[in-house]
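Chemist: Can you keep this structure in mind? I'll have questions shortly.
The values are calculated or read from the model by the stated rules, or taken from the named source; none is laboratory data. All values derive from a computational prediction rather than experimental measurement. Glycine also receives a Cβ, built like all others from the backbone with ideal geometry; neighbour counts cover every protein chain displayed.
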Amino acid sequence: MEIKKLHLVYFSPTRTTQFVLRAIAQSFNTEYSEIVEHDVTDYNSKNVELKFETDDLVLFGFPVYSGRVPQSFRDRMNGIKGQRTFSVLIATYGNRDYDDALLEMKNIVKENGFQAIGAAAVVTEHSVIRSVATGRPDAKDTAFIEDFGMKLKKRIVAITNEESSTELYVAGKEPYRKYMKIPIAPVASASCIACGLCVKKCPVDAIYVHNPRKTDKEKCIGCMRCVRICPQNARHVSKIIMLAGECIFSKEKQIRKEPEMFL
């Protein structure tokens, strides 16, 4: 079987996961003339419908929330189907742990008609407490990503030359770690000009259309997308919450976690 097209499917509120997937995809440029990206982060992607064929290769990318696949991405996966399509799972996390996220994602894609042939957990700068894993992926992480891409290419060649392959092992356990909602809801300062960009880009429709300075705390998932994309730098998390987060993640600042691959 010949793989004809490489697809990147990602949920990436702060664009870090997008960056990692693109870096991995660079390893395939000599193999695939066409690379197609499917960014399912925006709220209007909640009813996404994507169908892939047996000669496609799909890289799924997502940030880890509380050791799990984000609920928003899980919901979007309901409309993404394959036909024994080869897939690669990429989890990005902020130096604490990815816990059961890769195992959960492997089970999700299997139910949706995909065959996971590779996976990786890549450390990135923490989306909220940016003093944790600051500047990552760094040069060492980039070397890992390039090595993973090279080994993945060899893995694909080996599998396509056989009729079947063994099931991919990834770290994690069942039942999964309890999914905990991040208790963070960014607010707007007086410099907000109500341009509406955060409203348009919020993955969960948590910012009010007629009053962009207000956030629905029940809907907000603390993904920090609105904070990163605000052209006025008008959105932020309260200082009290940030100080609490700094204390909670003080240990993570001192320990460097390394990325891991499964092939």
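Chemist: Only one of (1) touching a residue at least 12 places away in the same chain (Cβ under 8 Å); (2) farther than 19 Å from GLN115 by Cα fails for ILE156. Which number is that?
Modeler: (2)
Chemist: Counting just the residues of the range 159-191 that are hydrophobic (A, V, I, L, M, F, W, C) and modelled with pLDDT of 95 or more, which one comes out farthest from the chain's Cα centre (by Cα)?
Modeler: Filtering the range 159-191 for residues that are hydrophobic (A, V, I, L, M, F, W, C) and modelled with pLDDT of 95 or more, the one farthest from the chain's Cα centre (by Cα) comes out as LEU168.
Chemist: List the strands (runs of 3 or more DSSP E) inside the range 1-116, counting only whole elements, that have at least 3 residues being in contact with an Asp or Glu (Cβ under 8 Å, 6 or more places away or on another chain) and surrounded by 17 or more Cβ atoms within 10 Å (Cβ to Cβ). Spell out how you get there, then give the answer.
Modeler: Values: elements: 5-10, 35-39, 56-63, 85-93.
Once the strands (runs of 3 or more DSSP E) in the range 1-116 are filtered for at least 3 residues that are in contact with an Asp or Glu (Cβ under 8 Å, 6 or more places away or on another chain) and surrounded by 17 or more Cβ atoms within 10 Å (Cβ to Cβ), what remains is 5-10.
Chemist: If you check THR16, THR30, which single one turns out to be at pLDDT 95 or above and β-branched (Val, Ile, Thr)?
Modeler: Just one listed residue meets the conditions, THR16.
Chemist: Of the residues that sit in the range 148-170 and are out of contact with any strand residue (DSSP E or B) (no Cβ under 8 Å at 6 or more places or on another chain) and in a helix (DSSP H, G or I), which one is surrounded by the most Cβ atoms within 10 Å (Cβ to Cβ)?
Modeler: Ranking the candidates gives GLY149 first.
Chemist: Looking at (1) more than 30 Å from LYS253 (Cα to Cα); (2) free of Cβ contacts under 8 Å to residues at least 60 places away in the same chain, can you tell me which one ALA91 breaks?
Modeler: Failed condition: (1).
Chemist: Cβ-Cβ distance below 6 Å, separation of 6 or more or different chains: which pairs start in the range 178-194 with a residue that is on the phi < 0 side of the Ramachandran plot and end on one that is basic (Lys, Arg)?
Modeler: So the pair list comes out as TYR179/ARG68; ALA185/LYS217; PRO186/ARG235; ALA188/ARG213; ALA188/ARG235; CYS192/ARG213.
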